[in-house]
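Trainee: Can you read through this structure? Questions will come right after.
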Amino acid sequence: MASKTLSPAPLIPILSQSSKCTSQCLRLRPSSRPSLPPTSHLQRRHISAYGYEQAKALAFSNYGEPPQVLSLHSHSISPAHGNLMTLRFLASPINPADINQIQGVYPSKPTFTTSLGTANPIAVAGNEGVAEVIALGDKAKSEGFQRGDWVLMRGPGFGTWRTHASATSKDVVKLEERAREGISPIQAGTVSVNPCTAYRMLSDFVHLEEGDWFIQNGANSGVGRAVIQLGKVWEFKSVNVIRGREDKTGEERLKKSLYDIGADVVITDSELQSQGIKDQIKEWTNGGREPVKLALNCVNGKPATALAKLLNPNGHFVTYGAMSKQPLTIPASMLIFKNIHFHGFWVSQWAEWHPEEKKKTVEHVLELTRQGQFKDIPVDEIRWGWETKGEELIGAVKGTLEGYRGGKGVFVFGKT
């Protein structure tokens, strides 16, 4: 029977010489770019005489396509007291899961509330990001927080596409000062989802040793690129599958970009499903003497079945997405005769179950970033200042939805 299990694994030592892997996850770092000009008329922080923080958020009251349901909502945040803290967001990415959540098709639902000053409940979009603590109550201070701390969201549904928010310690994970050193807001703001997903899948399902092989589809995605880099750090070998392009020059450039970050083999989905693929796998893996123990799937459909067929007996197949929107078909022979283990992985649920492991994973990925062993993914910065219009921000989300972006879209906040 197919299984769906998560088994905590010890963290890979950051400075280990052997790189033998039984680890956990985290990730990435933004490029340092100049912030918005600190001119008073463009970048004003709006604080009333009574200490209320003025905030703006991309919110929605009904599920639907982002351009139709999102709007820029202005509201006030009362002064922090007790266990409350006021956050100012620094960087918040636009992930596919955020789009799915707005559409109402994502398993994790946002919180609809009237606490932001509306007659009808609204929810703030976005699930990932980094924020700075700018005010806090006495109880929050006693819990170890202080002004200037950087925090990540503990789980999904908080709403990160906004300039400011009110939160409690249960809503966030503090990024320790040592973990922040040399790390930009974009790097910190994009580490919780893709790098953590990659890290946990490489470490939680099967024990991989130096020289072992894994295979993945969606290799040029944010997760796929993180998987390649972490696998290289831990001296695993990889076969990476991408979608074929009509533009063969562009296809070769894409392949080269994956080789440049540590891929051992890059093939297209049509090559994956070709007649001679098993012979090629045997050639790449030293005549089949080096086992392919792990497969990572975010596509589903026939390409995923082809991926599973390349696993050695007793291998593990982990599904974390379904980009093709096709079902995953598992031949009975894989379960009965090859004893392939099939799992599902959802990083949001993992983070809720293992908050301390999430923190360790994040810190490790950021340490690898500082060492130059883990590099930034391509990023398209979307500047968000106090006077940025809602249509500009919604247009940026629409661009991500339609795939018109050279890198991951990230809202980068100026002095709001």
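Trainee: Would you please name the residue that is farthest from Leu294 (Cα to Cα), looking only at residues in the range 347-362 that are crowded, with 19+ Cβ neighbours inside 10 Å and within 15 Å of the chain's Cα centre (by Cα)?
Mentor: The extreme case among them is Lys359.
Trainee: State yes or no: is Ser333 of a type outside the set (Lys, Arg), touching a helix residue (DSSP H, G or I) at 6+ places or on another chain (Cβ under 8 Å), within 30 Å of Leu307 (Cβ to Cβ) and assigned by TED's automatic domain parsing to the domain that holds Asn220?
Mentor: no
Trainee: Got a number for residues in the range 289-305 being over 26 Å from the mean Cα position of the chain (by Cα) and touching a residue at least 12 places away in the same chain (Cβ under 8 Å)?
Mentor: 2
Trainee: Yes or no: the range 370-379 includes at least one residue that is among the polar types (S, T, N, Q) and either crowded, with 22+ Cβ neighbours inside 10 Å or farther than 21 Å from Gln187 by Cβ (or both).
Mentor: No, the conditions are met nowhere in the range 370-379.
Trainee: Are any of the residues in the range 281-290 crowded, with 20+ Cβ neighbours inside 10 Å and part of a strand (DSSP E or B)?
Mentor: Within the range 281-290, none of the residues are crowded, with 20+ Cβ neighbours inside 10 Å and part of a strand (DSSP E or B).
Trainee: Now, a different point. Can you tell me which condition Ser257 does not meet? The list is (1) surrounded by 24 or more Cβ atoms within 10 Å (Cβ to Cβ); (2) part of a helix (DSSP H, G or I), and all the others hold.
Mentor: (1)
Trainee: Tell me which residues, restricted to the range 117-164, are touching a Gly at 6+ places or on another chain (Cβ under 7 Å), more than 20 Å from Ser192 (Cα to Cα) and polar (S, T, N, Q).
Mentor: None; the set is empty.
Trainee: Within the range 91-183, which strands (runs of 3 or more DSSP E) (wholly inside it) include 1 or more residues that are crowded, with 21+ Cβ neighbours inside 10 Å, at pLDDT below 95 and within 20 Å of the chain's Cα centre (by Cα)?
Mentor: Fully inside the range 91-183 and qualifying: 150-153, 172-175.
Trainee: I've got another one for you. Looking at the range 197-214, can you tell me whether even one residue there is buried (at least 24 other Cβ atoms within 10 Å of the Cβ), assigned by TED's automatic domain parsing to the domain that holds Leu294, touching a helix residue (DSSP H, G or I) at 6+ places or on another chain (Cβ under 9 Å) and in a strand (DSSP E or B)?
Mentor: There is at least one residue in the range 197-214 that is buried (at least 24 other Cβ atoms within 10 Å of the Cβ), assigned by TED's automatic domain parsing to the domain that holds Leu294, touching a helix residue (DSSP H, G or I) at 6+ places or on another chain (Cβ under 9 Å) and in a strand (DSSP E or B).
Trainee: Here are some residues: Gly399, Gly372. Which one is free of Cβ contacts under 8 Å to residues at least 40 places away in the same chain and at positive phi?
Mentor: Answer to the check: Gly372.
Trainee: Another question, if that's okay. If Glu235 satisfies every condition in (1) closer than 19 Å to Leu307 by Cβ; (2) touching a Gly at 6+ places or on another chain (Cβ under 8 Å); (3) among the acidic types (Asp, Glu) but one, which is the exception?
Mentor: Evaluating Glu235 over (1) closer than 19 Å to Leu307 by Cβ; (2) touching a Gly at 6+ places or on another chain (Cβ under 8 Å); (3) among the acidic types (Asp, Glu) leaves (1) as the failure.
Trainee: Out of Val239, Val266, Val227, which single residue is outside any helix (DSSP H, G or I) and surrounded by 23 or more Cβ atoms within 10 Å (Cβ to Cβ)?
Mentor: It is Val239.
Trainee: Right, something else. Could you count how many residues in the range 287-308 are over 17 Å from Gly231 (Cβ atoms) and either of a type outside the set (D, E, K, R) or at pLDDT 95 or above (or both)?
Mentor: Result for the range 287-308: 10.
The values are calculated or read from the model by the stated rules, or taken from the named source; none is laboratory data. Computed from a predicted structure; not experimentally measured. Here the Cβ is made from the backbone with ideal geometry for all residues, glycine too, and neighbour counts use every protein chain on show.
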